[in-house]
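Report on the structure given below.
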Amino acid sequence: MTVLVRDMMVEDAEMVAAWINQPRVGKYLSSNLRHGDMQAGLIRAALRRSDQHWSVFLIDGEAVGLVAFDGIDAEDGIANCWYLLGEERFQGQGASAQALGLVLEEKRDALHSVTAWTAAVNTASIRCLEKVGFRRVGAYSGAFVIDGDRTDRVLFEKLLSRC
């Protein structure tokens with residue numbers, strides 16, 4: 001299995017919107033993305049923002065997921081990241097971690113630190129973050145609602161610069 005990443009193109013917006021709108025994916029995203037109504041036009045607008053960078057990842061040439069950086073602060077060298085695996089048949093193969101690792105390496109010279117968060121019940125995402133060197137830095141108690149139940153929002157950080 002070969003995992004590659006490339007910058008997301010506006011032509012990918014429909015595909016990424018479809019991934020976000022899948023209930024199995026959306027339920028783990030920010031509340032504004034959870035309702036199955038993401039529009040490709042909103043994604044195209046996000047791609048034009050200087051504080052966003054979205055990458056599509058591919059397995060053996062097929063687009064299967066997304067790694068996104070938002071809240072990029074170039075002056076302070078910080079950003080938040082999130083990711084998703086849009087093609088369910090690739091779950092459990094480590095592709096998301098490989099893709100995230102590739103994008104983090106690509107950003108090493110531009111960013112000092114990257115943050116991420118996930119629902120405490122999303123053990124696959126926790127494993128993914130830990131696999132690429134994120135460390136837990138805290139949690140917001142009951143700050144995420146999934147399937148009608150409150151769970152903690154677990155916070156992570158990864159230092160990229162060598163200082």
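Values in this text are rule-based calculations from the coordinates and carry no lab data. The structure displayed is predicted, hence computed values, not measured ones. Every residue, glycine as well, gets a Cβ built from its backbone with ideal geometry; the counts of neighbours run over all protein chains shown.
Between the range 50-90 and the range 1-33, how many Å separate their Cα centres?
Comparing the Cα centres of the range 50-90 and the range 1-33, I get a distance of 9 Å.
Count the net charge of all other residues whose Cβ sits under 11 Å from the Cβ of Glu106, scoring Lys and Arg as +1 and Asp and Glu as -1. List each step's numbers first, then the result.
Details: positive: Arg6, Lys107, Arg108; negative: Asp7, Glu105, Asp109.
That sum, taken over residues with Cβ under 11 Å, equals 0.
Nearest 20 debye, what's the magnitude of the dipole of the chain about its Cα centre given +1 on Lys and Arg Cβ and -1 on Asp and Glu Cβ?
Values: 18 positive and 22 negative charges, 91 e Å.
For this selection, approximately 440 debye.
Helix-derived [θ] at 222 nm for the chain: sum -39500 (n - 2.57) over DSSP H runs of at least 4, divide by residue count, nearest 500? Could you put the intermediate results ahead of the total?
Values: 5 runs with 42 residues, N = 163.
So the helix-based figure for the chain works out to -7000 deg cm²/dmol.
For the chain, what's the relative contact order in percent, using C-alpha pairs closer than 8 Å and at least 6 residues apart?
On the way: 294 pairs, mean separation 30.8, N = 163.
After rounding, I find 19 percent.
Provide the per-residue ³J(HN,Hα) series for the range 124-132, in order, calculated from phi with Karplus coefficients 6.51, -1.76, 1.60 and θ = phi - 60°, each as a whole number of Hz, with x at glycine and proline positions.
Taking θ as phi minus 60°, the curve returns 5, 5, 4, 4, 4, 4, 5, 4, 9 Hz for the range 124-132.
Could you give the spread of the C-alpha atoms of the range 3-159 along their three principal axes, from largest to smallest, in whole angstroms?
Taking max minus min along each principal axis of the Cα atoms, the range 3-159 gives 38, 34, 30 Å.
With a 10 Å cut-off between alpha carbons and a GNM built on the chain, which of Leu129, Leu84, Leu42 moves the most?
Comparing Leu129, Leu84, Leu42 in the GNM, the peak value goes to Leu42.
Once amide H atoms are built 1.01 Å from N in the peptide plane, which residues 5 or more positions from Ala139, or in another chain, come under 5 Å H to H?
For Ala139, whose amide H was placed from the backbone, the distant partners under 5 Å are Leu155.
Output ³J(HN,Hα) for the range 102-108: one whole-Hz value per residue in order, computed from phi by the Karplus curve 6.51 cos²θ - 1.76 cosθ + 1.60 with θ = phi - 60°, and x for Gly and Pro.
Result, rounded to whole Hz: 5, 5, 4, 4, 4, 8, 3.
So how far apart, in nm, are the two label points at Ala45 and Asp76 if each is 7 Å from Cα heading toward Cβ?
According to this spin-label approximation, the distance is 2.5 nm.
What translational D, rounded to a whole number of µm²/s, comes out for the range 73-163 from Stokes-Einstein when the hydrodynamic radius is the Kirkwood one over Cα pairs, at 37 °C and 0.692 mPa s? Let's see the in-between values first.
On the way: Rh = 14.0 Å.
So the translational diffusion coefficient is about 235 µm²/s.
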